[in-house]
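Working notes, beginning with the structure itself.
Values quoted throughout were computed directly from the atomic coordinates according to the rules given, and no laboratory measurement underlies them. Being a predicted model, the structure only gives us computed values, none of them experimental.
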Amino acid sequence: MAYKILLVEDSPTILEVLTSTFEYKGFIIKTANNKDLVYESIKNEFFDVFLLEIDLTDVELIKKIKHSDKNIKSNIFVISANSDVQTKIEFKNEGVNGWIKKPFIPEKLVAEIISFLK
């Protein structure tokens, strides 16, 4: 079974690298570079995993994902160079499964997601 990921990132370079790395491992990838595209996607599609860049997400977006009929059981990971403990706690309390610190090695990130999903 191929897992489906919504990758939300504002850097075209990171989007391209992560998309090709995940696709190489058999994932189905949809990308978004703004919140409006995320909101539209969660209305219409199921995703196994959300990878959300911190600058494009907030608690309200996390709540929308977790309360959408299609994505209530989805896994959410936040990508950030920021390691603010209060933000991590707040997001974790809303259902975020993990925090991915920038910079990261794309292959390692994919391996961690695969390990989490097993």
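Some notes on this structure:
- GNM result for the chain, Cα springs below 10 Å: residue of LEU56, LEU37, LEU18 fluctuating most strongly: LEU37
- For VAL78, residues with placed amide H under 5 Å, excluding near neighbours: LEU52, GLY98, TRP99, ILE100
- Those lysines that a straight Cα-Cα span of less than 19 Å connects to LYS101, excepting residues fewer than 8 apart in one chain: LYS88, LYS92
- Applied to segment 50-56, the Karplus parametrisation 6.51 cos²θ - 1.76 cosθ + 1.60 on θ = phi - 60° returns per-residue 3J(HN,Hα) values of 10, 10, 10, 5, 4, 5, 10 Hz, with x for Gly and Pro.
- Counting only lysines at least 8 places from LYS118 when in the same chain, those with an alpha carbon closer than 19 Å to its own are LYS4, LYS25, LYS73, LYS108.
- Residue-wise HN-Hα coupling along segment 11-22, computed from phi with Karplus coefficients 6.51, -1.76, 1.60 (Hz; x: Gly, Pro): 8, x, 5, 5, 4, 5, 5, 5, 4, 5, 5, 5
- Helical content alone sets the calculated 222 nm signal of the chain at -13500 deg cm²/dmol, taking -39,500 (n - 2.57) per DSSP H segment of four or more residues and averaging over every residue.
- Listed values for segment 61-72 are Karplus-derived 3J(HN,Hα) couplings in whole Hz (6.51 cos²θ - 1.76 cosθ + 1.60, θ = phi - 60°), namely 5, 4, 4, 4, 5, 5, 9, 7, 4, 7, 10, 4, and x replaces Gly and Pro.
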